[in-house]
């Protein structure tokens, strides 16, 4: 088994800086382009990540630790972030995400005893019984998914501009 909470935390700790480095100071075109109807731009992804920090990861961890499988996870509205102010500067969105993530990592480290807690289970409304280790692994891979998404969306912004080189740019093959 590859999972290690310490390794998951390595990704979780670095994600805010990764997003901050990638997005801070960019022109609006880079931040607000998307891949078409019903897709998210980079700014919306950051809002989604902040919403997940607020209402998803820690509440579900709490449910596992306090209730096990007796109580299903609280609902997580994957689209709640779309109600956020689209005109809020990206620096403020990133700062909110960074603050929430830092607080959640402190909580994670305080609450979890790796030797005893990682195999505790909870009930996901769609998947049924899941382990705490799976939830934490998902949290890290969720970040990686959205890093890849933002890079893909940003590449899409220049799809037409790359001309014939599009055939050599794998990131453009995976979009649309």
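Bear in mind that the values in this text are calculations on the coordinates, not laboratory data. Predicted model only: the values in this text are computed from it and were never measured.
For region 42-106, compute the orientation-averaged projected area of the C-alpha convex hull (one quarter of its surface), in nm².
Numbers: hull surface 18.2 nm².
Hull-based average projected area comes out at 4.5 nm².
Calculated [222 nm] ellipticity per residue, helices only, for the chain: -18500 deg cm²/dmol; basis is -39500 (n - 2.57) per DSSP H run with n ≥ 4, divided by all residues, nearest 500.
When every Cα-Cα distance of region 1-157 is counted in 10 angstrom steps from zero, the calculated P(r) takes the values 10, 39, 33, 16, 2 percent. What number, in percent, do you get for the relative contact order of the chain if the mean sequence gap of Cα pairs under 8 Å and at least 6 apart is divided by its residue count? Once normalised by length, the contact order is 32 percent. Taking 0.36 nm per residue of sequence separation and removing the Cα-Cα distance, the residue 113/residue 2 pair yields an extension gain of 38.2 nm. Helix 90-111 axis versus longest C-alpha principal axis of the chain: approximately 20°, rounded to the nearest ten.
Quick one: angle between helix 132-157 and the longest Cα principal axis of the chain, in degrees between 0 and 90, rounded to 10, please. Tilt relative to the chain: about 10 degrees.
Send over the Kirkwood Rh of region 93-176, from the inverse of the averaged 1/r over different Cα pairs, rounded to one decimal Å. Every distinct Cα pair counted, the radius reaches 16.1 Å.
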